[in-house]
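Chemist: The structure's right below; bear with me while I get my questions together.
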Amino acid sequence: MLALLFAIKYWNLVSVTIAAFLLSFLLVGCFSSELTYSLVYLLRLLFNDSADLVSLNLSLPDITLRAGYLAMCVSVDSAMECVAAHNLSVLYASSSIKLEEGTMSLTDVSRGLSETCNPRLLVCCIILSLLLIVLILWLAIPLVPGKMFIRRVTLALGVLTVLLWGLGAMLQHQTVLTAVKLVEMSSLGLIKLNRGGRAEAMTWTAFLFLFVATIGVGFENWKEVQPQVKEQKRYGS
């Protein structure tokens, strides 16, 4: 039984650490033109050469824009540049086309996404995950006071983190799906959007690790309370 509890403690620490790493990496996606960062995006936007409007002698530039939580990467003729989301004006000229009705810009679309898919919830879950790591490490130290209280706080914090990131993951998923449908429809197919598969996988993998770690912490609490419950039943009978 001691070996099982030790394995659970170790697994809880590893799970929360992996989740915190994945969430942090999701936050800094598209901060650099390196493939490690530029491939972590929520949406990829590009002008659709096969759209009906293209047949009207409309020339479309070879532009691809990748949108993350805090940064965007634009690729023009295989040359990529990444900037923070609050500084998108530098990409406006290179990611826009002129139409008779006005100007259509991939930057405007990505700006709308960044305003809707706000990173505050993600940052909050990262902070909570780091706090969980500290508490789990504290519980791993032998002969420290207040372990019962800290274990219950850890369980409550784990449940809160799972609920918050479950909400954040669903909001992210639904926001991206809605953006794909609305933008392609409103642009008459002139703008094509692709969902970021890597960011989606990291999102749900982090949620899974947080969920498993919370189950482990709950099991530890249950094992600690069991002797007290049995003792109360014995004296009660």
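No lab work stands behind these numbers, since they all come straight from the coordinates. On a predicted model such as this, the values are computed, not experimentally measured, just so you know. Don't worry about glycine lacking a Cβ; one is built from the backbone with ideal geometry, like all the others, and counts go over all protein chains shown.
Chemist: Nearest 0.05, what FRET efficiency do Phe149 and Phe219 give at R0 = 25 Å with Cβ-Cβ as r?
Modeler: Given R0 = 25 Å and the Cβ-Cβ separation, E is 0.90.
Chemist: If you don't mind, there's one more thing I want to ask. Under 5 Å between amide hydrogens, which residues at least 5 positions from Ile63 or on another chain qualify, with H placed 1.01 Å from N in the peptide plane?
Modeler: Result for Ile63 returns Phe47.
Chemist: Could you put Arg198, Arg151, Arg120 in order, starting from the residue whose Cβ has the fewest other Cβ atoms within 10 Å?
Modeler: Arg120, Arg198, Arg151
Chemist: Does segment 145-209 classify as rounded, prolate or oblate by the C-alpha gyration tensor (a ≥ b ≥ c root eigenvalues; a/c under 1.5 gives rounded; else a/b over b/c gives prolate, otherwise oblate)?
Modeler: prolate
Chemist: Still on this structure: Say a paramagnetic label sat at a point 7 Å from the Cα of Val180, along Cα to Cβ; which residues of segment 15-51 have their backbone N under 11 Å from it?
Modeler: 43-44
Chemist: Next question, about the same structure. Between Asn194 and Leu131, what FRET efficiency follows from the Cβ-Cβ distance if R0 is 30 Å, with the result rounded to 0.05?
Modeler: 0.30
Chemist: While we're on this one: Given the Cα-Cα distance of Phe25 and Glu81 and 0.36 nm per residue of separation, how much length would full extension add, in nm?
Modeler: Working: separation 56, 0.36 × 56 = 20.16 nm, distance 1.88 nm.
Here the answer is 18.3 nm.
Chemist: Using a Förster distance of 22 angstrom, determine the FRET efficiency expected from the C-beta separation of Thr116 and Leu39, and round it to 0.05.
Modeler: Using R0 = 22 Å, I get an efficiency of 0.50.
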